[in-house]
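Scroll down for the structure; my scribbles are underneath it.
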Amino acid sequence: MRRFLVAGNWKMNGDSRRNRELVAGIVAGLQDSATVEVLVCPPLPYLAAVKSQLSGHSVLLGAQNVSEHAQGAYTGETAAGMLVDVGCSHVIVGHSERRALYGESSNVVASKFRAAADAGLIPVLCVGETLAEREAGQTEVVVGQQLAAVVETCGIAVFGRAVIAYEPVWAIGTGKVASPDEAQAVHRFIRDEIAARDETIAAGVQILYGGSMKGENADGLLSMPDIDGGLIGGASLKAADFLAITKAAQGI
Ligand code: PEP
């Protein structure tokens, strides 16, 4: 039985004071649940402070990016082992903003995924098509290639301890959300792609939806059989908005 994962990607937002308020609001309003895991991914400089504020709470900590290298002369980069050292359990890899704005190819994403997994982190692999690709009927081709790049580099077994986030690029930060049926179809496709390599891993892997998920649309999306949670951007920056999504997951 898969558990839901509700994950907040704070992106490059917040400061010490606002983060403290946000975390305080989340832990104060969150009801413990056996079926829903909650994860927050603050910007790198705040990971340790957020970790210490989360002490004694069940909320998990993740980072938004990681180096593909384990250590060495890579100025400005952060190794997966360092993220483990400051208390992260998860790290986002291959977010569409990293792919589009920082030129991360699927090969680089696969190397980052492997570095994360090797260090004991749970990689949250983001995949998703642009609007042009969807309109050209290429959604499954694009998502299939993004997934295959990681499977070819890392093998299928690592997905026994990984998360996949389907994030249609046209839905990220736009207020345009995929319909539950549209999202479910791609989630099913992703699970089938994994199942073609390993059915047990496919049955257990959490596949999150990301793209303008909010309290108002969460229930419809999370009720679909292959949607196991959400990767939340904008709505993760206010405790009440984020908690509305965790509550929706707890109600299913
Ligand atoms: C994201 O960036 O991962 C995301 C899903 O953003 P938003 O919820 O703001 O669309």
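The condition of being open to solvent by less than 30 Å² (accessible area, probe 1.4 Å) and closer than 20 Å to Ile201 by Cα holds for only one of Val109, Val158, Val91, Val142, that being Val91. Name the residue that is farthest from Met1 (Cα to Cα), counting only residues in the stretch 215-227 that are open to solvent by 10 Å² or more (accessible area, probe 1.4 Å) and away from the ligand (no atom under 11 Å from the Cβ). Restricting to residues being open to solvent by 10 Å² or more (accessible area, probe 1.4 Å) and away from the ligand (no atom under 11 Å from the Cβ), the top hit is Glu216. Within the stretch 168-187, residues that are on the phi > 0 side of the Ramachandran plot sit with their Cβ atoms under 6 Å from residues that are among the polar types (S, T, N, Q) and surrounded by 19 or more Cβ atoms within 10 Å (Cβ to Cβ), at 6+ positions apart or across chains, in these pairs: Gly175/Ser212.
Looking at the stretch 137-153, can you tell me whether even one residue there is part of a helix (DSSP H, G or I) and over 20 Å from Arg99 (Cα atoms)? There is no residue in the stretch 137-153 that is part of a helix (DSSP H, G or I) and over 20 Å from Arg99 (Cα atoms).
Filtered by the rule that a residue be open to solvent by 30 Å² or more (accessible area, probe 1.4 Å) and among the hydrophobic types (A, V, I, L, M, F, W, C), the stretch 56-88 gives Leu60, Ala70, Ala73, Met82, Val84, Val86. Out of all the residues in the stretch 200-214, which are open to solvent by less than 50 Å² (accessible area, probe 1.4 Å), of a type in the set (Val, Ile, Thr) and more than 16 Å from the ligand (Cβ to nearest atom)? Result: Ile201, Val205.
Annotation note: Cβ proximity below 8 Å between a residue of the stretch 98-113 that is part of a loop (DSSP other than H, G, I, E, B) and a residue that is not small (Gly, Ala, Ser) (sequence gap 6+ or interchain) occurs for Glu104/Arg98; Glu104/Lys112; Ser105/Arg99. Would you be able to say whether some residue in the stretch 6-29 is under 29 Å from Val142 (Cβ atoms), touching a Cys at 6+ places or on another chain (Cβ under 9 Å) and of a type in the set (A, V, I, L, M)? There is at least one residue in the stretch 6-29 that is under 29 Å from Val142 (Cβ atoms), touching a Cys at 6+ places or on another chain (Cβ under 9 Å) and of a type in the set (A, V, I, L, M).
Could you please find all residues in the stretch 165-199 being over 19 Å from Ser223 (Cβ atoms), within 15 Å of the ligand (Cβ to nearest atom) and β-branched (Val, Ile, Thr)? Val169, Ile172, Thr174, listed by residue number.
Looking only at residues of the stretch 27-52 that are away from the ligand (no atom under 16 Å from the Cβ) and in contact with a Phe, Trp or Tyr (Cβ under 8 Å, 6 or more places away or on another chain), we find that the one that is nearest to Ser89 (Cα to Cα) is Glu37.
State yes or no: is Leu54 touching a residue at least 12 places away in the same chain (Cβ under 8 Å) and over 23 Å from Tyr166 (Cβ atoms)? It is true that Leu54 is touching a residue at least 12 places away in the same chain (Cβ under 8 Å) and over 23 Å from Tyr166 (Cβ atoms). Condition test on Gly14, is it open to solvent by 60 Å² or more (accessible area, probe 1.4 Å), at positive phi and over 18 Å from the mean Cα position of the chain (by Cα)? For Gly14, the condition - open to solvent by 60 Å² or more (accessible area, probe 1.4 Å), at positive phi and over 18 Å from the mean Cα position of the chain (by Cα) - is not met.
The values are calculated or read from the model by the stated rules, or taken from the named source; none is laboratory data. Just so it is clear, the model here is predicted, and its values are computed rather than measured. Cβ coordinates were reconstructed from backbone atoms using ideal geometry, including for glycine residues, and neighbour counts include every protein chain displayed. Note: accessible area is taken over every heavy atom of the protein model, side chains too, but ligands, DNA and RNA are not part of it. Shrake-Rupley method; radii C 1.70, N 1.55, O 1.52, S 1.80 Å.
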